[in-house]
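A.B. asks: First the structure, which I've put down as structure tokens, then a few questions once you've had a look.
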Amino acid sequence: MLPLQAQTLAPTLVNAVLPGVSGRRAELARNLVLAVAGSLLLVLAAKIKVPFWPVPITLQTLAVLGLGAAYGSRLGAATVALYIAYGLAGLPVFTNTPPAAAGMMYLVGPTGGFLAGFVAAAYVAGWAAERGASVLRLIAGMITAEALIIGLGFAWLAFGAQMAGGVTGVGFAKAYQFGVQPFLLGDLLKLALATSLVGASWTVLRRRG
């Protein structure tokens, strides 16, 4: 059996694994530690490039989906938002920093939509995981979360991104050609891996319980 406190909280992996805490301040401190740890994991994932076809992939999407499903909707989204806040403060935490400079201008550039999609995706993945860790619900949630990353990233790159020379957006065709198509296979692989890892973790917990 899981600890009684873990059962009264949202049924997420982190609440099932870690000891429960009592009191608002203790819960806040616990969540802050988890958010910082998760945001640092995102920094590491952004900097790891894995050789893949047709382009190298980072582990960021895997980390975003995994953290969302493990932490739950609110803590997962807050963790990703904290990671983005590092970049807003000028820290080189994003995949392309360096050579690009972090800060507000990076967020309104070509990849800004994908970063916004990370926050939404973590929330959706966490929301799905909180509904009882059903395999079908988890898969549907992960697919929806991935679609949000791709959709928001694509829309921003096509119509809102601030490009060199003062141009806004690159248009539908180029956004798909350069911002979506090369990454589809890698993102599907990361989606499958994140779903499998979360599902396997729940299976292990149930067997122990």
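Rule-based calculations on the coordinates, nothing more; no lab input. Bear in mind that the values here come from a model prediction, so they are computed numbers and not experimental data. Note: ideal-geometry Cβ built from the backbone for every residue, glycine included; neighbour counts use all protein chains shown.
A.B. asks: Cut-off 10 angstrom, C-alpha nodes, Gaussian network model of the chain. Which of ALA16, ALA128, ALA37 fluctuates the most?
C.D. replies: Judging by the Gaussian network model, the answer is ALA37.
A.B. asks: Give or take rounding to whole Å, what are the principal axis extents of the alpha carbon atoms in the chain, in descending order?
C.D. replies: 59, 35, 27
A.B. asks: By how many degrees, between 0 and 90 and to the nearest 10, does the Cα long axis of helix 60-71 differ from the longest principal axis of the chain?
C.D. replies: 30
A.B. asks: How big is the gap, in Å, between the Cα center of region 153-170 and the Cα center of region 30-46?
C.D. replies: Value for the Cα centre distance between the two parts: 29 Å.
A.B. asks: Please state the relative contact order of region 50-209 as a whole percent: Cα pairs under 8 Å, 6+ residues apart?
C.D. replies: 27
A.B. asks: Right, something else. Straight-line reach from LYS190: which aspartates and glutamates have a Cα under 13 Å away, not including same-chain ones fewer than 8 places off?
C.D. replies: GLU146
A.B. asks: For SER196 paired with ARG131, estimate the spin-label separation in nm (one decimal), with each label point 7 Å from Cα along the Cα-to-Cβ line.
C.D. replies: Output for this residue pair reads 2.4 nm.
A.B. asks: Apply 1/(1 + (r/R0)^6) to the Cβ-Cβ distance of LEU188 and GLN162, taking R0 = 41 Å, and write down the FRET efficiency to the nearest 0.05.
C.D. replies: 0.90
A.B. asks: Compute the angle between helix 112-130 and the longest alpha-carbon principal axis of the chain, please, reported from 0 to 90 degrees and rounded to the nearest 10.
C.D. replies: Orientation of helix 112-130: about 20 degrees from the principal axis.
A.B. asks: Each label point is 7 Å from the Cα along the Cα-to-Cβ direction; what then is the distance between the points at ARG74 and ARG208, in nm?
C.D. replies: 2.6
A.B. asks: Using unit Cβ charges (K, R positive; D, E negative) and no other charged atoms, how large, in debye to the nearest 20, is the dipole of the chain about its Cα centre?
C.D. replies: 460
A.B. asks: Test of understanding: what is the full-extension gain from THR144 to LEU82, defined as 0.36 nm times their sequence separation minus their Cα-Cα distance?
C.D. replies: Values: separation 62, 0.36 × 62 = 22.32 nm, distance 2.22 nm.
Stretched fully, the THR144-LEU82 segment lengthens by 20.1 nm.
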